[in-house]
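Note sheet for the following structure.
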Amino acid sequence: MKITDFLSKKAIATDIKSTKKSEVIKELADLLISAGDIEKRHHHKLVEALMARESLGSTAIGQGIAIPHAKSDCVSKLIAAFGLSKKGVDFDSLDGEPVYIFFLLVAPQDSAGPHLKALARISRLLKDKYFRDSLRTCRDDKSIIKIINQEDEKKV
């Protein structure tokens, strides 16, 4: 599974403005709505599902990374948004550090396999410091997609 298989090319932000966990999640959900991947009427329901997942334990895994995720019946296939924060966000990270790189994943209710594979894939790629640093220096969505494509090709 490649990240480019489920990352929405139109749901990428290189300068997240939000400074709080709940605001970041709303901003990333808005990207998926603006991209046409999720209907606007599902916004509240989607944010609620993502926040419910966060209440179980932070999805900030350390090293400046968070992968907020949830299952929802407002999607028919696995979809992801990507965001970068220049300043960093307190996201209750395991290592106490701010988060700069966000992958928001939304999967259909009945798709445990693809959902878990996507989480594992993102986590595995982001363990590479060079990849993380490369993403953090991106200034536009095209360069983010290019870097993710290159990494996807190397580590299938």
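Tabulated values for the structure
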read-out	value
Residues of segment 1-19 that turn out to be among the charged types (D, E, K, R) and either in contact with a helix residue (DSSP H, G or I) (Cβ under 8 Å, 6 or more places away or on another chain) or at pLDDT 95 or above (or both), as a count	4
All positions within segment 121-156 that are of a type in the set (Gly, Ala, Ser) and within 20 Å of Leu28 (Cα to Cα)	Ser123, Ser143
Test result for Ile61, modelled with pLDDT of 95 or more and either touching a strand residue (DSSP E or B) at 6+ places or on another chain (Cβ under 7 Å) or under 27 Å from Lys129 (Cβ atoms) (or both)	no
Long-range neighbours under 6 Å by Cβ, at least six apart or interchain, first residue more than 26 Å from Ser76 (Cβ to Cβ) and modelled with pLDDT of 90 or more within segment 114-139, second in a helix (DSSP H, G or I) and not hydrophobic (A, V, I, L, M, F, W, C)	Leu126/Arg132; Phe131/Glu151
Pair list, Cβ < 6 Å and 6+ apart or interchain, from segment 18-41 residues that are under 10 Å from Val89 (Cβ atoms) to residues that are assigned to a helix (DSSP H, G or I)	Ser18/Val24; Ser18/Glu27
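The values are calculated or read from the model by the stated rules, or taken from the named source; none is laboratory data. Source: prediction; values computed, not measured. With ideal geometry, Cβ positions are generated from the backbone for all residues, glycine too; neighbour counts draw on all protein chains shown.
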